[in-house]
Amino acid sequence: MLSAFWCHLLSAIKLYLLGLKVLLLQLLNGPLRLPVMPRQDGNVAIVTGGGRGIGYEVARHLVRLGAHVIIAENVITSMKEDVLLFLEFKKLDLASLQSVRQFAQSFRERDLPLNILVNNAGVMLVPEGRTEDGFEQHFGVNYLGHFLLTWLLLDTLKDSGKSGHVSRVVNVSSSAHCIGQIRLNDLNSRQSYSSHAAYCQSKLAQVLFSFHLHQEMQSGGFQVSSCAVDPGMVDTALYRHLWTPLHRAQSVIARLLFRVKHGSAFSVVSQL
Ligand SMILES: NC(=O)c1ccc[n+]([C@@H]2O[C@H](COP(=O)([O-])OP(=O)(O)OC[C@H]3O[C@@H](n4cnc5c(N)ncnc54)[C@H](OP(=O)(O)O)[C@@H]3O)[C@@H](O)[C@H]2O)c1
């Protein structure tokens, strides 16, 4: 019991120290500048969790570059001010494998190409909970849901990459993967739950999947690439589950020192 407490405390301390390091590096490196990006006219992109935060800014960048963007979001909110011709909102709950299957199936039925898949949606430090299929929330939403989505859309990605253009899978990960551990004997944190360790584990799983997929696609000769990208520390609602006093401090620090959403979206879009 006591050792579980120390393990949880250690996971939290490690994550906050890492956050401090990332923030310092971010400040030293200065603001991000978006390189000149190739036009994406005629390309189709799916951005998960694109209803707000980093995902929404990524979707907007892609639309400006000429892509047809499908925002796959959990709760479809009212259409934002920029309801552009090439921006669609579709329902996808990554905490439900059935919802992932339905989304993929309805996308495939449209016979559209898929040139860009941005696996962006995520949860962080949520209280202990299970997805519809009984998986730990971070593991289920951040990793498993995206894994299944990518798997179900892989043939479409491969087909779309045939004409000399590489289809891309971009996994929005986090530097938290560096301190993550895959707990093979307790993937779903049933023996003991630490929200900090669970977030780091899910992000490590996402990075490992991303690299493995890339290797598989290269060795199979497919025109599909996969990468993981850390957007840095960005002022979004992701931090809302921090312990209340920390959240208050974080809100002030975030306004002053964190990246703004559209700036961090550069790091994601620059992977295309
Ligand atoms: N912000 C940072 O400092 C930071 C740092 C490193 C990495 N990241 C990563 O960046 C990504 C985007 O985060 P953000 O900062 O933009 O956070 P955010 O503003 O909280 O956005 C997260 C998005 O994920 C969606 N989402 C959550 N649960 C979902 C589910 N079950 N099914 C479908 N969509 C779901 C949310 O939709 P709802 O609104 O419907 O819940 C929301 O659109 C995450 O993967 C995060 O881990 C962020």
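General observations
- Cross-chain or 6+ apart pairs with Cβ under 8 Å, segment 56-78 first and β-branched (Val, Ile, Thr), then assigned to a loop (DSSP other than H, G, I, E, B) and more than 15 Å from the ligand (Cβ to nearest atom): Val63/Asp82; Val63/Leu84; Val63/Phe86; Val69/Phe86
Okay, residues lined up against (1) crowded, with 23+ Cβ neighbours inside 10 Å; (2) small (Gly, Ala, Ser); (3) within 13 Å of the ligand (Cβ to nearest atom); (4) closer than 20 Å to Lys203 by Cα:
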position: Thr48; (1), (2), (3), (4): yes, no, yes, yes
position: Leu65; (1), (2), (3), (4): no, no, no, no
position: Glu88; (1), (2), (3), (4): no, no, no, no
position: Leu94; (1), (2), (3), (4): yes, no, yes, yes
position: Arg110; (1), (2), (3), (4): no, no, no, no
position: Leu114; (1), (2), (3), (4): yes, no, no, no
position: Asn119; (1), (2), (3), (4): yes, no, yes, yes
position: Val126; (1), (2), (3), (4): no, no, yes, yes
position: Thr131; (1), (2), (3), (4): no, no, yes, yes
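The rows are residues; the columns are (1) assigned to a helix (DSSP H, G or I); (2) over 12 Å from Glu136 (Cβ atoms).
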residue	(1), (2)
Asn185	no, yes
Ala198	yes, no
Lys203	yes, yes
Phe222	no, yes
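- Segment 224-235 - residue that is assigned to a strand (DSSP E or B) and under 15 Å from Gln26 (Cα atoms) and, of those, modelled with the highest pLDDT: Val229
- Restricting segment 236-248 to residues that are surrounded by 12 or more Cβ atoms within 10 Å (Cβ to Cβ) and outside any loop (DSSP other than H, G, I, E, B), the residue that is nearest to the ligand (Cβ to nearest atom) is Leu238.
- Residue list for segment 209-224, restricted to those being polar (S, T, N, Q) and within 16 Å of the chain's Cα centre (by Cα): Ser210
- For segment 175-194, the count of residues that are of a type outside the set (A, V, I, L, M, F, W, C), within 28 Å of Leu27 (Cβ to Cβ), within 16 Å of the ligand (Cβ to nearest atom) and touching a residue at least 60 places away in the same chain (Cβ under 8 Å) is at least one.
- Val141 being within 11 Å of the ligand (Cβ to nearest atom) and outside any helix (DSSP H, G or I): no
- Glu73 passes every criterion in (1) at pLDDT 95 or above; (2) within 24 Å of Val229 (Cα to Cα) apart from (1).
- Residue in segment 222-235 that is more than 12 Å from the ligand (Cβ to nearest atom) and loosely packed, with under 15 Cβ neighbours inside 10 Å present: no
The values are calculated or read from the model by the stated rules, or taken from the named source; none is laboratory data. In this text, all values refer to a predicted model and were calculated from it rather than measured experimentally. When we count neighbours, we look across all protein chains shown, and the Cβ atoms used for this are built from the backbone with ideal geometry, even at glycine.
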